[in-house]
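Let me begin by presenting the structure, written as structure tokens, before commenting on it.
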Amino acid sequence: MAVETTKKPMTGDEMIALSKRHTLFEWSAQSKVDPIPVARAKGIYFWTPEGKRFIDFNSQLMCVNIGHGDPRVVRAIQEQAAVLAYANPFMATEPRARLSAKLADIAPGDIDVFFFTNGGSEANENAIKLARLATGRHKILARYRSYHGATAGSIALTGDPRRWSAEPGAPGVVHVLDPYHGIARGWDTAAESLAMIEEVIQLEGPHTIAAFILESVSGTNGVLVPPDGYMQGVREICTRHGILMICDEVMAGFGRTGEWFAINHWQVVPDILTMAKGLTSAYVPLGAVGMRRAIADQFKDKVFYGGLTYNSHPLACAAALATIQVYEDDQLIENARRMGALMKDLLEDLARRHPSVGAARSIGLFGLVELVRDREKRTPLAPFNGTSDEMAALGKFFRQEGLYTFVRWNTFFTNPPLCIGEAELREAFAIIDRGLEITDRAVA
Ligand SMILES: Cc1ncc(COP(=O)(O)O)c(C=O)c1O
């Protein structure tokens, strides 16, 4: 296709045509993708080149936690780029030094050593590398209703159907069931789920297992908030067997649940904690693996076999520092708690009034609605790993009304930026309220 070389801004159609022609879109058959062209964004909103406004009710990919276009972060990136855009990972830089010390302040317990990556997949990749080197064991436990990333190791950890096409994958990963079994079967108690984990560990051989990786609150697999006692129980089992507990906080971290890290809700300190997304609010790519002092100490004499050209990238570290300052200055974690309480009420109100709402869950500003076509039998409105006409119609309605969020299987998400205010939250829920009239019509 001929490309205009002048700087005339592109129309939305031009952006779509060239992007579809010359790029691959993620997790999709390319003929099915229907991207929204995005020209600019501010706060909780983004706009197409033609000026259509969307409420970003998913913080893009559950990552723009502080909201779009914050001038304080933009300035920090500009200033760092002007002074030192890059230094290789064998150097020490001021942003690297300051960010690691800051993270040591806010991370749970004695997690105070960090290895920086480009994103969440690489953070998990390096977390399992660390766990294997530190324990001398090979196997990793992970859960089925999970996503840990798309690189070779992380996709092997991933429990959801995104793993299937990558199989046979990296060996040594054993998946266990979650306490949640889908809308029709519901939840196990913490004790039941822990007994299942203990049984799998016995069957696999505790001395062969390096780590158990789990999302503190599972994200794309359903905003699954574990029952009280579950995380404490996992901690106890891991400690008893010398298995390292790795919490994946790539999506749940940085205020999303109303705490710096979701695991804080249960006052548990994992051995390793991975993060990305909200760390820079996605202004620049950055991930990190945090580890307890005792694990880091193992690498005083032993070599840590891991590296990345962009490890501890100064620009990304400077962006993260500025982002963390925004969380603090604007009290965004407190706001996530306050607005999270309102969001819980709004979700409960939807569940009361709409027969197609089978379940609505949230913690802080991390929320999800599960839709059903039969409230008694709790039949999901779309099958596991599938869609339905009704779910597609709901997605279309949200888009038409200027509400952007993830519609996946029989669920949709409510994950706004943490800077959202009451009026904006109510505005978004008013659109959802009208959209659910579509799905209510499918209820028997
Ligand atoms: C819980 C979790 N872990 C890991 C990842 C992978 O992160 P990235 O896409 O930055 O590699 C994601 C991405 O959505 C995630 O939600």
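The values are calculated or read from the model by the stated rules, or taken from the named source; none is laboratory data. Note that the structure is predicted; figures quoted are calculated from it, not measured. Cβ coordinates were reconstructed from backbone atoms using ideal geometry, including for glycine residues, and neighbour counts include every protein chain displayed. Protein only, heavy atoms only, side chains kept; ligands, DNA and RNA dropped before computing areas. Shrake-Rupley method; radii C 1.70, N 1.55, O 1.52, S 1.80 Å.
In the distance distribution for segment 152-194, Cα-Cα pairs more than 16 Å apart total 48 percent. Of all DSSP beta bridges confined to the chain, the antiparallel ones make up roughly 65%. Remark on Val176: its backbone amide H falls under 5 Å from those of Ala142, Arg143, Tyr144, a criterion applied only to residues 5 or more positions apart or on other chains, H modelled at 1.01 Å from N.
Here the spin labels are modelled as points 7 Å beyond Cα on the Cα-Cβ line, and at Asp297 and Ala170 they lie 2.7 nm apart.
At a temperature of 10 °C and a viscosity of 1.306 mPa s, determine how fast the chain diffuses translationally according to Stokes-Einstein, using the Kirkwood radius over alpha-carbon pairs as Rh; express D in µm²/s, rounded to the nearest whole number. Please report the intermediate quantities before stating the final value.
Details: Rh = 22.7 Å.
Once the numbers are plugged in, D ends up at 70 µm²/s.
When the chain is treated as a Gaussian network with alpha carbon springs shorter than 10 Å, the biggest mean-square fluctuation among Gly12, Gly222, Gly278 belongs to Gly12. For the pair Arg72 and Arg98, a Förster radius of 22 Å applied to the C-beta separation gives a FRET efficiency near 0.90, rounded to the nearest 0.05. A full extension of the chain between Ala195 and Ala444 corresponds to an added length of 85.9 nm, given 0.36 nm per residue minus the alpha carbon distance. Other residues with beta-carbon under 15 Å from the beta-carbon of Arg441 carry, at +1 per Lys or Arg and -1 per Asp or Glu, a net charge of -1. In terms of Cα atoms, the Rg and Dmax of segment 269-314 work out to 12.6, 36 Å.
Compute the FRET efficiency between Asp105 and Asn385 as 1/(1 + (r/R0)^6), taking r as their Cβ-Cβ distance and R0 = 45 Å, and round to the nearest 0.05. According to the calculation, E is roughly 0.65.
Relative to the current alpha-carbon distance between Asp329 and Ala341, full extension at 0.36 nm per residue lengthens the span by 2.2 nm.
In the context of the full set of protein chains, residues of segment 34-94 present 51 Å² of accessible surface per residue (probe radius 1.4 Å, heavy atoms only). Counting only protein heavy atoms, what percent of the accessible surface of segment 55-189 is carbon or sulfur at a 1.4 Å probe? So the carbon and sulfur contribution to the accessible surface is 57 percent. Note on segment 344-444: the C-alpha convex hull projects to 6.0 nm² when averaged across all orientations. Taking every C-alpha pair closer than 8 Å and separated by at least 6 residues, the mean separation divided by the residue count of the chain gives a relative contact order of 20 percent.
The equivalent ellipsoid of segment 181-254 has semi-axes of 21, 16, 11 Å, largest first, where each one is the square root of 5 times an eigenvalue of the Cα gyration tensor. Normalised size of segment 1-75, defined as Cα radius of gyration per 2.2 N^0.38 Å with N residues, equals 1.26. Could you work out the local net charge near Ile263, counting Lys and Arg as +1, Asp and Glu as -1, over the other residues with Cβ closer than 11 Å to its Cβ? Combined, the nearby Lys, Arg, Asp and Glu give -3. Across segment 266-344, the relative contact order, built from alpha-carbon pairs under 8 Å that are at least six residues apart, equals 29 percent.
Counting only residues at least eight positions apart within a chain, or on another chain, the aspartates and glutamates with an alpha carbon under 18 Å from that of Lys300 are Asp110, Asp112, Asp271. In angstrom, the C-alpha Rg and Dmax of segment 210-364 are 17.8, 62.
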